1. Are there GluC sites (Glu not before Pro) in the range 1-30 that DSSP marks as loop and that have at most 10 other Cβ atoms within 10 Å, and which are they?
2. If you line up the long axis of helix 119-136 against the longest principal axis of the chain, both from Cα atoms, how many degrees apart are they, to the nearest 10?
3. Just the number please: accessible area per residue for the chain, 1.4 Å probe, all protein chains included, in Å².
4. Note down the accessible area of VAL88, probe 1.4 Å, to the nearest 10 Å².
5. Taking all protein chains as present, what is the carbon and sulfur share of the accessible area of the chain, in % to the nearest whole number, probe 1.4 Å?
6. What residues have an amide H closer than 5 Å to that of LEU117, excluding those fewer than 5 places away on the same chain, when H is modeled at 1.01 Å from N in the peptide plane?
7. If Rh is defined by the Kirkwood formula over all Cα pairs and Rg also comes from Cα, what ratio Rg/Rh do you get for the chain?
8. On a 0 to 90° scale, report how tilted helix 62-74 is relative to the longest principal axis of the chain, with both axes built from alpha carbons and the result rounded to the nearest 10.
Amino acid sequence: LGSPSEEITVEAITMAELLEEFGSPHYAKFDIEGFDMIGVKGLASAAERPAYLSVEGEKDSFKALRQEFEILTGLGYDRFKIVPQTKVPTQQPKDVDHVFPAGSSGQFGEEAPGPWLTAAQAVERYRAIFFRYSLVGDDPTAPRWMRSLAWRLGVRNEWYDTHARLAA
C-alpha cells in the first residue's frame, strides 16, 4: 500500500522437526491469527503429539469449523472444550494465586472450564455461537434491526478457543 518494505528470508522448521528436536509438549497452543490449522496439520507427521492442544475457534465459516474438527479427530483428538476467551480473567487455577489478564489463553487441559464434548457435540455447540456471530460478530450478517435488538438485550461479541484432548 505504498509503505516502505523490505523482503527478508527467514529459516523455517516443520512441526515434526520441531517436536523431534525439543520433544512433544504436554500442551500446545496454536494462535497464528487465522493459520492455526497449518500448525496443527503439521502434527500429522510427528511421532508424538501433545496430550492437549487449543486453537482459536473458526469465526468466519461453519464449513471451515467442521473441517477443523475433522483434522483434530483425524489426529486422534477425541474430546473438546469450547472456552469463551472473554471469561478467561475469571478463571481460578487450583493451588495457585493467579489472575489471568484479558487476552491470555487461561487454563488448559483438565483445568480448562467446561465439559468435555465429542466432536459432534462441540460442532453443535458452535451452531449457537455462529448465530451470535451473525448478530454481533466481527462481520454480522443479520438485518440491522435484529443486530440492534441483540445489542440492546446485552448480546455482545465473544471469541472462543477450542481445546482438544488426545484419545487415551
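The values are calculated or read from the model by the stated rules, or taken from the named source; none is laboratory data. Please read all numbers here as calculations on a predicted model, not as lab measurements. All Cβ positions, glycine included, derive from the backbone under ideal geometry; neighbour counts span all protein chains shown. These accessible areas exclude ligands, DNA and RNA; they are computed on the full protein's heavy atoms, side chains included. Shrake-Rupley method; radii C 1.70, N 1.55, O 1.52, S 1.80 Å.
1. GLU6, GLU7, GLU11
2. So the inclination is approximately 50 degrees.
3. Here the per-residue accessible area is 64 Å².
4. 0
5. Percent of accessible area from carbon and sulfur atoms in the chain: 55.
6. It is PHE80, LYS81, by chain and number.
7. Expressed as Rg/Rh, it is 1.02.
8. Between helix and principal axis, roughly 30 degrees.
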